[in-house]
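Report on one structure; see the data block that follows.
The values are calculated or read from the model by the stated rules, or taken from the named source; none is laboratory data. These numbers were taken from a predicted model, which means no experiment stands behind them. No Cβ is skipped: glycine too gets one built from the backbone with ideal geometry, and neighbour counts run over all protein chains shown.
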Amino acid sequence: MKSAFLTVLLLVGAGQAQQSFMAASPLPNAPSARKFWSMENKVDFSILAGQITVDAITTQHGLSEGMRETNPIIRPLVTRGVAGEAAASGLGFGFAVGTAYLLHRTHHYTAERIATRTMLAVEGGFVANNLSRLY
């Protein structure tokens, strides 16, 4: 009986020593595996910024030639001239980067890439549409 009691005491003491050892030196947090501003995202958002710029220029050129903005949400801004177009372009670019960043922060890396590439494709379609109607 004494040996069983002594064994229990030794095990409890060893358990307490290990618990205090673990609490005294916690492991540091591991760095994130992926950074948001990777080379891939820098290139993608640079291309998107270029596409938004070309879209803004061609939209203003089309409006000056008598064409009409078809997007009812953006129409009140772009019909106000260059300042409204800049605001609309800034909002669009901010929405794109914000959406990708939200997906990145929630660790949806594949969805982030798909969303970014979809935004590039859609904006490229807008630019192609503007250019085909103008020239």
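List every residue pair whose Cβ atoms sit under 6 Å apart, with the two residues 6 or more apart in sequence or on different chains, where the first one lies in the stretch 105-120 and is farther than 14 Å from residue 49 by Cα and the second, anywhere, is surrounded by 12 or more Cβ atoms within 10 Å (Cβ to Cβ) and among the hydroxyl-bearing types (Ser, Thr, Tyr).
115/99
With the condition kept exactly as written, say whether any residue in the stretch 21-28 is part of a helix (DSSP H, G or I), modelled with pLDDT under 95 and either surrounded by 10 or more Cβ atoms within 10 Å (Cβ to Cβ) or basic (Lys, Arg) (or both). It would help to see each step written out before you state the result.
Of all residues in the stretch 21-28, those part of a helix (DSSP H, G or I) come to 21-24.
The next check asks that each one be modelled with pLDDT under 95; those that pass are 21-24.
Then keep just the ones that are either surrounded by 10 or more Cβ atoms within 10 Å (Cβ to Cβ) or basic (Lys, Arg) (or both); that gives 22.
Within the stretch 21-28, one or more residues are part of a helix (DSSP H, G or I), modelled with pLDDT under 95 and either surrounded by 10 or more Cβ atoms within 10 Å (Cβ to Cβ) or basic (Lys, Arg) (or both).
Looking at (1) surrounded by fewer than 14 Cβ atoms within 10 Å (Cβ to Cβ); (2) touching a residue at least 40 places away in the same chain (Cβ under 8 Å), find the lone condition where residue 126 falls short.
(1)
Would you please list the contacts, defined by Cβ atoms under 6 Å and residues six or more apart or on different chains, that run from a residue in the stretch 53-68 that is in contact (Cβ under 8 Å) with a residue 40 or more places away in the chain and of a type in the set (A, V, I, L, M) to a residue that is buried (at least 18 other Cβ atoms within 10 Å of the Cβ) and assigned to a helix (DSSP H, G or I)?
54/127
Consider the stretch 64-85. How many of its residues are assigned to a helix (DSSP H, G or I) and buried (at least 16 other Cβ atoms within 10 Å of the Cβ)?
Counting residues in the stretch 64-85 that are assigned to a helix (DSSP H, G or I) and buried (at least 16 other Cβ atoms within 10 Å of the Cβ) gives 4.
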